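Notes to accompany the following structure.
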């Protein structure tokens with residue numbers, strides 16, 4: 001593929017690997033698109049001028065879209081697994097644990113602010129991935145729950161800080177007013193700090209029946225995903241890139257750090273706590289890297305194709321703010337193909353594990369690729 | 001004392017304890033004052049109006065002040081201990097470790113911002129306390145160093161965030177422009193986040209030759225000191241209190257959480273990492289609580305009595321912003337007496353430990369801001385040591 005030459009080796013670069021696949025046949029070659037509205041493909045580079053969007057968009061009926069996609073992409077028969085139910089149940093457990101971990105207490109304002117954002121909804125992707133990875137390698141939900149909560153706390157704090165006026169300046173998040181809109185900027189900053197700190201404390205203090213050395217490893221892993229070699233690094237490069245020419249390399253760096261690394265930490269911490277050996281840990285790490293990048297590619301595509309209402313957050317912002325995105329850099333079609341390639345690679349890593357235990361993770365990759373919000 | 005009735009039990013409330021003191025005799029009863037400009041005592045409560053300050057200040061010559069202090073404070077014979085050297089050496093090691101822990105790397109801007117604030121100077125009180133506590137219970141500096149660095153990273157991140165426009169809105173810190181002034185608000189926020197996160201990562205990843213369960217305990221301790229039951233709690237209540245009537249109880253809550261808890265964590269983590277048993281850990285914890293509150297009382301007093309230049313940060317802000325402070329609530333004299341009482345209590349906890357090792361705890365006294373004019377609350381020092389110690393420390397807030 002033409003664009004593969006500009007993507008740097010992200011360790012084992014996803015697009016450059018050609019390892020043969022032993023597991024499922026009939027791999028999908030693109031994301032099952034569902035309900036996309038088709039826009040004129042944007043082939044402009046991330047530039048200093050606002051990208052103009054043609055208004056001659058055609059909304060294709062859902063059926064027609066699926067048929068055209070299915071024409072290109074043979075479906076993968078995923079193993080039968082009650083994925084929706086699994087997600088719902090695990091998310092419910094996570095919500096209960098989060099609610100319990102940060103009860104309303106003095107000082108009320110800060111705990112209110114923390115809970116407001118933490119319990120605002122959200123798919124709980126990271127916590128559930130953490131639990132799933134733990135179960136994949138033989139652990140159980142209870143062992144992973146504090147770490148799973150920590151993932152969500154960190155994710156939440158990054159959203160709170162990202163939404164601040166001096167950062168992305170967002171008014172809406174998950175369909176509600178952002179934290180600083182509700183509580184003021186100072187409280188929002190402090191709520192983020194408190195969540196970040198508590199996440200580490202929680203893993204250390206609340207993880208039971210796990211050897212301390214594994215807890216220490218998990219904490220080190222989590223820290224590396226969040227700081228100036230992780231989340232923060234991605235955000236700072238993203239901020240610096242606004243309005244400038246951004247290569248695919250920069251974009252990949254941003255997304256890997258902003259999104260992928262925390263997903264990776266969720267999965268790897270789950271595996272560590274569940275008792276995984278080194279080989280297993282590295283396999284799930286690679287899986288996570290694929291779905292991490294996938295998450296953002298799809299997010300970019302959705303931002304172009306969905307309305308604010310459907311997304312629950314301010315859509316079209318990337319266009320307005322002239323941020324670099326995959327559709328901008330590659331065009332929508334190639335972005336979708338890239339996404340498909342990532343799913344492919346993710347599946348290859350999972351092939352190492354027992355298919356039944358890996359079922360949630362197979363479905364996860366598929367879910368991330370085909371989500372609508 | 002009259003004001004003891006309004007101070008709530010902070011677990012074992014400092015002022016309500018009456019345990020007898022077995023260690024050193026001849027305890028001083030007030031803070032050696034040094035070179036104060038005397039203002040009209042401010043007896044107003046934290047209120048919605050700006051407190052007016054009398055301009056009839058009197059600068060007393062150093063010698064005269066020292067003599068008057070000597071009348072109040074009987075001299076304490078101090079065991080010989082190369083205190084200055086100890087502080088300087090430990091701080092140097094900490095600085096080297098910090099420099100190594102966060103090297104300049106991609107992305108440059110964020111690492112530059114982190115290093116700017118982290119390596120801007122400062123007394124390194126918390127890291128050195130951490131190391132000293134570790135050594136006190138039989139550990140060594142190397143074991144405690146990652147945790148010691150973590151303390152400073154957290155302290156630094158709290159300063160970066162506190163200085164932000166929407167918070168305290170400070171332009172100066174440690175004599176230099178604040179982080180957001182140098183790098184912009186977004187970078188300052190992110191630099192703080194990165195330092196906070198890295199502090200935990202560092203303890204987990206870099207602590208060697210310590211059993212993992214102790215590392216886990218130290219991390220849990222650190223987390224509790226920083227979050228919504230610690231540093232953040234203090235800051236949020238402080239913000240909410242501005243312009244309102246604030247009781248001594250609220251003030252104590254603010255200072256315990258904003259300042260004392262991190263000092264406590266520094267000492268307790270050092271002890272845990274050094275291998276302390278539960279009794280020792282609790283003793284040093286209580287000690288730390290005293291000096292933690294003491295730190296802030298003295299800070300409040302200094303804000304009233306010093307200029308920005310001497311302090312290295314914007315002084316008089318508490319007056320202008322009408323924040324609640326100890327001098328405002330009690331008056332300067334009672335604030336000083338309260339400080340003396342805290343030192344008293346701190347000493348009582350230390351009496352538990354081997355006296356020889358006690359010497360290491362003289363550094364606890366450095367948490368009281370020391371400047372070239374030697375305002376100091378160092379009760380274990382002979383008065384005559386003042387000029388040499390403080391001037392050679394050359395320490396500024």
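All of the numbers you see were taken from the coordinates with simple rules; none came from a lab. Keep in mind that what you see is a predicted model, and the values were worked out from it rather than measured. FYI the Cβ positions are ideal-geometry reconstructions off the backbone, even for glycines, and counts take in every protein chain you see.
Listed peptides B:143-150, A:356-363, B:159-166 appear in the order B:143-150, B:159-166, A:356-363 once ranked by packing, highest mean of other Cβ atoms within 10 Å at the front. With a simple spin-label model that places each label point 7 Å from the Cα along the Cα-to-Cβ direction, the separation between residue A:92 and residue B:142 comes to 5.4 nm. Between residue B:100 and residue B:169, residue separation times 0.36 nm minus the direct Cα-Cα distance comes to 21.8 nm. Annotation for segment A:85-100 versus segment B:149-197: alpha-carbon center distance of 36 Å. Counting, for every residue in B:106-118, the Cβ atoms of other protein chains within 10 Å of its Cβ and taking the mean gives 3. Across peptide A:201-211, the average count of Cβ atoms from other chains found within 10 Å of a residue's Cβ is 4. Just counting partner chain Cβ atoms within 10 Å, what average do the residues of peptide A:235-241 show around their Cβ? Rounded to a whole number, the mean comes out at 5. Each of A:247, A:178, B:259 has some number of other Cβ atoms within 10 Å of its Cβ, and from fewest to most they run A:247, B:259, A:178.
Panel order for A:249, B:201, B:185, by other beta carbons found within 10 Å of each beta carbon, from fewest to most: A:249, B:185, B:201. Each of A:167, A:330, A:151 has some number of other Cβ atoms within 10 Å of its Cβ, and from fewest to most they run A:167, A:330, A:151.
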